[in-house]
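Where a number appears in this text, it was derived from the coordinates with a stated rule and is not lab data. It should be emphasised that the depicted structure is a prediction, and the values quoted were computed from it without experimental measurement. Don't worry about glycine lacking a Cβ; one is built from the backbone with ideal geometry, like all the others, and counts go over all protein chains shown.
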């Protein structure tokens, strides 16, 4: 564990908690894409299939449980909570899951490190995580209505990815046999998806004006 | 040296 990995995990954790707390306290999920949240729940479910079989560390197991629990809670809130579900912008959040799911599944079946069920599912989760933010970014762009918390949520997610790249660079130089092309390429693509958002986020921060994305 | 089994990142 290095400082970049820890900082990455903490921003990831913070992003999920910010979103969960926002939904829980103000009882509104406006501006939040259910599609993206469902994809994340699927990402964690397929990635942590071996959670009770393979033990890495206490830290890893606890974090996995938190990510699984929080992602499914968020989906539950938006779909089932009596008050929260009324604030969901269903007509704006129209991105189709299948456009992302199918290519990721096909790619995972073709490009993987080992052709076993567990490994293909893990690879699928890596590919899917890389693009799962797209429905959220499309929703932000479409409604142009970004409250502070939703902006912070997306910013923290992007920061988590950037920190993971630093973690990989660090591990590459400090650990033997640390070459993971699949994770690296998917991770870099995932981080690049945030570049545009980051640009506008920093602009608004610099000029201390409300974050607004161009139409 | 063998690569460690499994994935140790989240």
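Using Cα springs under 10 Å in a Gaussian network model of chain A, which residue among A:153, A:59, A:127 shows the largest mean-square fluctuation? Between A:153, A:59, A:127, it is A:59 that shows the largest mean-square fluctuation. The slack between residue A:177 and residue A:1, meaning 0.36 nm per residue of separation minus the straight C-alpha distance, is 61.8 nm. Quick one: go through segment A:1-37 and flag any residue whose amide nitrogen is under 19 Å from the point 7 Å out along the Cα-to-Cβ line of residue A:65. The answer is A:10, A:13-14, A:16-17.
The C-alpha atoms of chain A define a longest principal axis, and helix A:148-174 lies at about 20 degrees to it. Relative to the longest principal axis of the Cα atoms of chain A, the long axis of helix A:181-193 lies at roughly 10 degrees. The alpha carbons of segment A:1-124 occupy a box of 44, 33, 25 Å along the principal axes, longest dimension given first. At what distance in nm do the modelled label points of residue A:189 and residue A:119 sit from each other, each positioned 7 Å from its Cα along Cα→Cβ? About 2.0 nm, to one decimal. In chain A, the longest principal axis of the Cα atoms and the axis of helix A:34-47 are about 20 degrees apart. Tell me, what is the FRET efficiency for residue A:25 and residue A:110 to the nearest 0.05, using R0 = 41 angstrom and their Cβ-Cβ distance as r? E(calc), rounded to 0.05, equals 0.40. The packing ranking of peptides A:196-205, A:9-18, A:108-117, highest mean first, is A:9-18, A:196-205, A:108-117, where packing means the average number of other beta carbon atoms within 10 angstrom of each residue.
Please give the contour-minus-distance gain from residue A:204 to residue A:165: 0.36 nm per residue of separation, less the Cα-Cα distance, rounded to one decimal in nm. Show your work: numbers first, answer last.
Working: separation 39, 0.36 × 39 = 14.04 nm, distance 2.52 nm.
Gain in length upon complete extension: 11.5 nm.
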